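Accompanying notes for the structure given below.
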Amino acid sequence: MQISDWQRLSLLLDELTDLPEAEREARLAALPPELAAPLTRMLANLPAKVPTVVGSSIFGFQQQLAGALSEPAAPAAQPGERFGAWCLAELLGEGGMGQVWRAERADGLYQGEAAIKLLRDDVAGAGLAERFARERALLGRLAHPGIARLLDAGEKDGRAFLVLEYVAGQTLSAHVRGRSLAERVQLLVSVASAVEYAHAQLIVHRDLKPSNVVVDEQGAPKLLDFGIAGLLDDSGQQSDNALTQITGRRLTPAYAAPEQITGGAIGVAADIYSLGVMLHELATGQLPFGKRSSSRTALEHEVVHGEARRLRQTLGRAEEDSADAGPGRPPDVRRVDSDLEAVVAKALRKNPAERYTSVGALTDDLQRWLTQRPVSVRRDDWRHRMRLWMRRNAAVALGGSLVFAALTAGMTAALWQRSQAQAAAARAELVTGYLSEVLSAASPDRNAGRQPTVIELLDRKRQELTERFNDEPEVKDRIYDTLGKTYFALQRFGVAAELAQARLTHARAAFGPTHPLADDAAVALANIHSAVAGGQPVIDLLEPVLPRVDKRHGQMSAQSHALRMHLLVAYARVGRFADAHRELDIGRRSNDVVNADNPMEHARFKGYASVVLTSEGRIREAVALLETTRPLWRPAEPARVRPSLVLERNHIFTSWRLATESAAAATARSDELVARWDALARPGNHGSSLMRQQLAIYLQQLGEFDAARAQLERAQADTDAAGAEDAVTGQLRRIQLLEARALAAGGADAAAVQAAAQALAGLDGAPLIGDVRRADGLLMLGRVALAPGAGPAGLALARDVSTRLQALRPVLAQARNAMSRIAVFEGRLAGTPQAALAAARERVAYFDALPETQGLPEWSARLQLACALRANGQPWADALARAEQARPANLASLTASPHPLTGLATRLAEDLPADCEWRF
């Protein structure tokens, strides 16, 4: 069937659905058989009623034309049926695309609720699984408190389903009935902020309407169905794609932009238009076109060919009869003025290019209206500005002879604000235009029929940024910032760092090295280094910036507090503990001021403090401090889930340093936390990968080398499957996996040494991996190079590793843990008993200086010292006795089989031949 036939069927179906039953039959009888037959099947599939669903996504009156040719429907879903990890509990609603169910978590990992959309059989088509895999990775990154998350998507027995966050509450229209105009506008601003966030992630909603917004019990709006249309678009086959574009227009014509109805290109302007319709409806209680009772055909005709009514034109009309028709008029409808009318008119322009250039520009004007300031789209004379100024400053306006001076000052400020607003709007338009270029490049028609990934789109555009906007430095700064944040959110830390560095270089050249924008750029780059555990780069960036930020905002400000937290952690990582405690003391006071009533931020401060304590070897204090955050580990608020997971994860990592958990218990605990990280982000995310990497380190300390290797292989497989590999964190993960395989195999062959040499070259090309983290990577490669069986190639590689470690010594001079580990490697590389003994003594001296025993690493180091002393013919009994004192008392219960070092200790105690264990 040709697309033109589908278009004709679409129009006929619109007509028939609005006719009474008798007239419909007569109209069908008058049509040719080739049209009457499919239309009869379509009409038979139409639901009798489309109920409103609160707490999930809302199905509009929508029928996919493809249903006319579909196979008989699969058996109806039943309560108790499993879809992935979820079990259907109750049917919430039914519509043209299928059903919505409330579902409960059924795999035992945690308790939770979700909303499951079961799509009609004819919605699923060829390649659906591939489209889901592609789109799920993109939409799963929409982590915003104002957006209901898409948790999963898949197929079961050929039936497509979507798993969405369950939101209990009222639709926007129901919630605002009886509420003031200002309350309504503020709610729309919150909705628009969520839309703006998604636009920055290169996702357009395309179906904004009040029924797709649920206001929860706390009064916070949550946007539903974000990007769901994208799941059903662009199957890769031209006919399917065109069909989807045609049927997609049937979603909600009353809120759809003209270009959506006519099949034109859809971008951010379509969402701006829909927000304008919602704003008109919230302000007047009615739609800007027709009535809700109008036929679909009539509504589409009005949107495409008519002009939207002005707010006061609508208010001059009688209200609709239905009691539940929309939000109703606000009780203070008299507040509707020409400013708000101008904002709505701008958003509802037919030509997309004439609307607001971004959602941010729209929300800026709404915020101005809420605070009784002139909106950017209103070209008013001085009398209008004067009236607004007098309304805001009524008491001053009565002040006799001071009135003229005050009004003059107000006029000057207002004019300045206008010029600033116009300049900001112009800059915002350039930024939005640039991002729109990114979005417009996503069409399969421009990519040989293939849907490009967001990474591909961004990579194309960032390459040309060097030569663009050189005459608009603030615009260039903002684009650098936006792209850097986007790459960071996509876990492409290497690219994010390149953009942040380019932004910093540009800002210092354009604005000066101490300008606030240059400092902002330095902070952005430091944040990326902090995320990958950098130390000295963070110090180099933030040490000169922090005094300027203290001066601008005050030492007790939120801006200074955030910088100080990053800086004190960096000091701790490189062993500058006095500096770390100085900033920690100031940070403790600023935290009490900035986060006085925020328990989660107080808990996060304890997390920062625990890093300092752990770095100093005060592990038990760190564990006890993190233990006090336990009540906040499983919050109900979505915005607190990620920081709570970080706190719980840090508690686990720190506890493992005390060897308090068995290998089996640690693995089970890790798996449970990984499942929650995956539910928050998606499998292969940085948090889950880091969890498995740290577990692998603990398992290696326990001597469970095969289990450690398996954890790292699983982390790598999840990352590969998600397509979320990063040049920085991925480089270190692959190096760790090489080491784990050598440890599990008991040695390294030629292939392992060659792979390690390639990894060393990759590490050389990853400048973002610095100081302690770089030393970690080099020491892991060094262990592979010196493993049994590595041969001459391994020895040559070890010397290359040594050269690079020597270059790090100045930066790591105060990081005694890293320096003592480097000494052990150098002693083994030297290959003499004397060198091994000197290295073992340096390592043990590090532990001697700590305030408490350090679990398995200290036990291992002291055993190695006893072994080295014996190899050099020196007294070693005292060293063995000290090792036994450091040995964890519960060691026998931590593993299923005896720890490998237990045999070494026994042989030493019995004065039997014993070689030092190379794997520890």
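Key figures for this structure:
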read-out: Set Ser211, Ser235, Ser190: member being modelled with pLDDT under 80, among the hydroxyl-bearing types (Ser, Thr, Tyr) and under 30 Å from Gly264 (Cβ atoms); value: Ser235
read-out: Index of the failed condition, Gly617 passing every other in (1) buried (at least 21 other Cβ atoms within 10 Å of the Cβ); (2) in a helix (DSSP H, G or I); value: (2)
read-out: Exclusive hit being surrounded by 17 or more Cβ atoms within 10 Å (Cβ to Cβ) and either more than 30 Å from Pro683 (Cα to Cα) or small (Gly, Ala, Ser) (or both), set Ile479, Ile539, Ile528; value: Ile539
read-out: Test: residue in the range 502-518 that is at pLDDT below 80 and surrounded by 19 or more Cβ atoms within 10 Å (Cβ to Cβ); value: no
read-out: Members of the range 849-877 found to be at pLDDT below 95 and among the acidic types (Asp, Glu), listed by number; value: Glu852
read-out: The listed residue being crowded, with 18+ Cβ neighbours inside 10 Å and among the polar types (S, T, N, Q), out of Ser897, Ser893, Ser860; value: Ser860
read-out: Test result for Gly827, within 30 Å of Ala666 (Cα to Cα) and either acidic (Asp, Glu) or assigned to a helix (DSSP H, G or I) (or both); value: no
read-out: Meets criteria (outside any helix (DSSP H, G or I) and either at pLDDT 70 or above or surrounded by 15 or more Cβ atoms within 10 Å (Cβ to Cβ) (or both)) for Gly108; value: yes
read-out: Filtered residues of the range 203-222 (kept if of a type in the set (Val, Ile, Thr) and either part of a strand (DSSP E or B) or out of contact with any Leu (no Cβ under 8 Å at 6 or more places or on another chain) (or both)); value: Val213, Val214, Val215
read-out: Where a residue in the range 735-750 is over 15 Å from Ala696 (Cβ atoms) and its partner, wherever it lies, is outside any helix (DSSP H, G or I), with Cβ under 7 Å and at least six apart; value: Gly746/Pro788; Gly747/Ala787; Gly747/Pro788; Gly747/Gly789; Ala748/Ala787; Ala748/Gly789; Ala748/Ala790; Asp749/Gly789
read-out: Options Asp240, Asp225: the member that is at pLDDT below 85, assigned to a loop (DSSP other than H, G, I, E, B) and charged (D, E, K, R); value: Asp225
read-out: Search result, residues across the range 167-202 that are assigned to a loop (DSSP other than H, G, I, E, B) and surrounded by fewer than 22 Cβ atoms within 10 Å (Cβ to Cβ); value: Ala168, Arg177, Gly178, Arg179, Ser180, Gln201, Leu202
read-out: Conditions (1) more than 24 Å from Arg576 (Cβ to Cβ); (2) surrounded by 19 or more Cβ atoms within 10 Å (Cβ to Cβ); (3) free of Cβ contacts under 8 Å to residues at least 24 places away in the same chain: number failed by Val801; value: (3)
read-out: Residue check for Glu71: over 26 Å from Tyr197 (Cα atoms), at pLDDT below 80 and assigned to a strand (DSSP E or B); value: no
read-out: Candidates Gly762, Gly747, filtered to the one that is outside any helix (DSSP H, G or I) and under 25 Å from Glu826 (Cα atoms); value: Gly747
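The values are calculated or read from the model by the stated rules, or taken from the named source; none is laboratory data. Computed from a predicted structure; not experimentally measured. All Cβ positions, glycine included, derive from the backbone under ideal geometry; neighbour counts span all protein chains shown.
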